[in-house]
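The values are calculated or read from the model by the stated rules, or taken from the named source; none is laboratory data. Only a predicted model underlies this, so the values are computations on that prediction, with no experimental measurement involved. When we count neighbours, we look across all protein chains shown, and the Cβ atoms used for this are built from the backbone with ideal geometry, even at glycine. In case anyone asks, the SASA skips ligands and DNA or RNA and just uses the protein heavy atoms, side chains included. Shrake-Rupley method; radii C 1.70, N 1.55, O 1.52, S 1.80 Å.
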Amino acid sequence: MEEQFEKIEIRKPENIVYKKTDLLVDRPLSYCPGCGHGTVHRMLMEVLEEMNIYEKTIGVSPVGCSVLAYDFLNIDMIGAAHGRAPAVATAVKRLWPDHFVFTYQGDGDLAAIGTAETIHACNRGENFTIIFINNGIYGMTGGQMAPTTLPGMRSSTSPYGRDVPTMGHPLKITELVAQLPGVHFVTRQAVHTPGNVRKTKKALRKAFELQKENKGVAFVEVVSNCNSGWKMTPVQANKWMEEHMFPFYPLGDIKVDGKLVEKKEMVDKE
Amino acid sequence: MAKIKGDIVINTERCKGCEVCIAACPFTVIAMSKDVNSKGYHFAMKVNDECTGCTNCAVVCPDGVITVYRAKVTTE
C-alpha cells in the first residue's frame with residue numbers, strides 16, 4: 001500500500017502539515033510508552049516556537065519522572081531541589097523580569113513535598129507559569145500513594161485501595177491555589193485525546209501570554225496517566241482515567257482573568 | 001475531482017508501541033506491526049490509504065514520531 005502513495009508523491013516537504021518541533025531533541029524520551037509527559041513536552045515546545053520566545057524562556061525542572069526534562073527540552077533549564085521549583089522560579093523571574101519562566105512539576109513534587117513553596121509562590125502572585133502534571137501516583141519511585149491518589153485507588157503503598165479514614169482525603173491543590181488572590185489563570189486539561197491535546201496547547205499559550213502582562217501566576221494542571229504505576233496498558237489507562245480521574249478532577253477552566261469560574265460551566269466543558 | 005489525501009511517516013526506531021495513535025485515528029489507518037524495532041517494541045505502521053492527513057495521530061503521539069503530509073490530489 002505504501003508504494004501507491006509514493007507514486008502520487010504526497011511526501012514532499014511542502015506538504016508537511018505536522019512535524020515534531022526541533023525544540024524537542026531527537027533523543028528518545030526516557031518516559032514509559034504512552035506517558036503524557038512526552039505530549040506535554042511537545043505542546044510546550046510548540047507554544048514557545050509559535051510565540052517565538054524560546055530564546056527568552058527559562059524552565060525549572062522538578063524531581064520526579066520529568067527530572068530529565070532539561071535533557072529533552074532544547075531551551076535554558078534549571079534543576080531544582082525536590083518541590084522547590086516555584087522558589088527557584090521566583091528568583092529567576094525577579095532577576096530576569098523580561099524573560100519567560102515556567103516550572104514543570106508532577107504531583108509528588110508540587111502537591112506533596114513542595115506544597116508550601118507552591119502555595120506561597122501563588123499567594124505572592126509571582127509572574128511565572130506552573131505546569132502541573134497530575135497522575136495520582138508517585139510514578140518514578142514505583143507507584144506509591146501520592147496526595148492526589150483517589151479514594152479507593154490502588155497503589156504500591158495502598159494495595160487495598162486508599163482508605164480515607166486512615167490515609168486521608170486526596171488533595172485538590174488546583175482548586176486550592178485558585179482561591180488565592182495572586183493567581184490569575186487556573187485551568188485543568190488532559191492529553192489523552194487529540195481534542196484535549198489541542199485544548200491543552202491553547203491553555204499553555206494563554207498561560208505564557210499572561211506573563212507579558214505581569215498579572216500573576218498562571219497554573220495549568222494536566223491530568224495524565226501513569227500506565228506503569230497503574231499496571232495497565234496505555235489505552236486501558238486512558239480509559240480508566242476518563243472513568244475515574246475526571247469525575248474527581250473535572251476538566252475545564254477554574255479561574256479566568258482572576259475570577260473563579262462557576263462550577264456549572266466546569267461540568268459542561270468536560 | 002480534487003480530493004484531500006494524506007500520508008504519514010512513522011519513525012519506527014523511536015516508536016514505543018503505546019497504541020494511543022490507533023485509538024485516535026478516525027479511519028483505522030494505523031496498526032501495530034509484527035516486527036519489533038531495535039528496542040524490542042512493536043511499532044505502529046500504516047496499513048491502508050484512507051489517511052486524510054487530519055494529524056490526530058501525530059498530535060497524541062507521546063514521542064512525536066509521526067510526520068503528517070497532506071495534499072490535494074486530482075482524480076478523474
Subject >> Where labels lie 7 Å past Cα in the beta-carbon direction, separation of residue A:123 and residue A:157 in nm >> reply: 2.5 nm
**OP:** Work out the length of the dipole vector of the stretch A:159-228 about its Cα centre, built from +1 on the beta-carbon of each Lys and Arg and -1 on the beta-carbon of each Asp and Glu, and round it to the nearest 20 debye.
**Re:** 380 debye
Subject >> Listed pairs B:5/B:46; A:206/B:5; A:19/A:212; A:12/B:3; A:172/B:16 exceeding 25 Å between Cα atoms >> reply: A:206/B:5; A:19/A:212; A:172/B:16
**OP:** Before anything else, pin down the relative contact order of the stretch A:97-179: Cα pairs under 8 Å, at least 6 apart, normalised by residue count, whole percent.
**Re:** 25 percent
**OP:** Under a 10 Å cutoff between Cα atoms, tell me which one of A:122, A:32, A:226 has the largest fluctuation in the Gaussian network model of chain A.
**Re:** A:32
Subject >> Dipole-positive endmost among A:47, A:63, A:166 within chain A (Cβ charges, Cα centre) >> reply: A:166
**OP:** Just need the relative contact order of chain A here, percent rounded to a whole number, with Cα pairs under 8 Å and 6+ apart.
**Re:** 17 percent
Original post:
Dipole magnitude of the protein assembly as shown about its Cα centre, charges +1 at Lys/Arg Cβ and -1 at Asp/Glu Cβ only, in debye to the nearest 20?
Top reply: 380 debye
Subject >> Whole-angstrom Cα spans of the stretch A:1-156 along principal axes, big to small >> reply: 60, 45, 22
Subject >> Gaussian network model of chain A, Cα within-10 Å springs - most flexible of A:44, A:29, A:176 >> reply: A:176
Original post:
How big a patch of accessible area, both sides summed and in Å² to the nearest 100, lies buried between A and B at a 1.4 Å probe?
Top reply: 2900 Å²
Original post:
Under a plain spin-label model, where a point goes 7 Å from the Cα along Cα-to-Cβ, how far apart in nm are residue A:144 and residue A:246?
Top reply: 3.2 nm
**OP:** List the relative contact order of the stretch A:142-248 as a percent without decimals, with contacts defined as Cα pairs under 8 Å and 6+ residues apart.
**Re:** 23 percent
**OP:** Any chance you could list the semi-axes, whole Å, largest first, of the equivalent ellipsoid that the Cα gyration tensor gives for the stretch A:173-217, using √(5λ)?
**Re:** 21, 15, 4
Subject >> Kirkwood Rh and Cα Rg combined as Rg over Rh, evaluated for chain A >> reply: 0.98
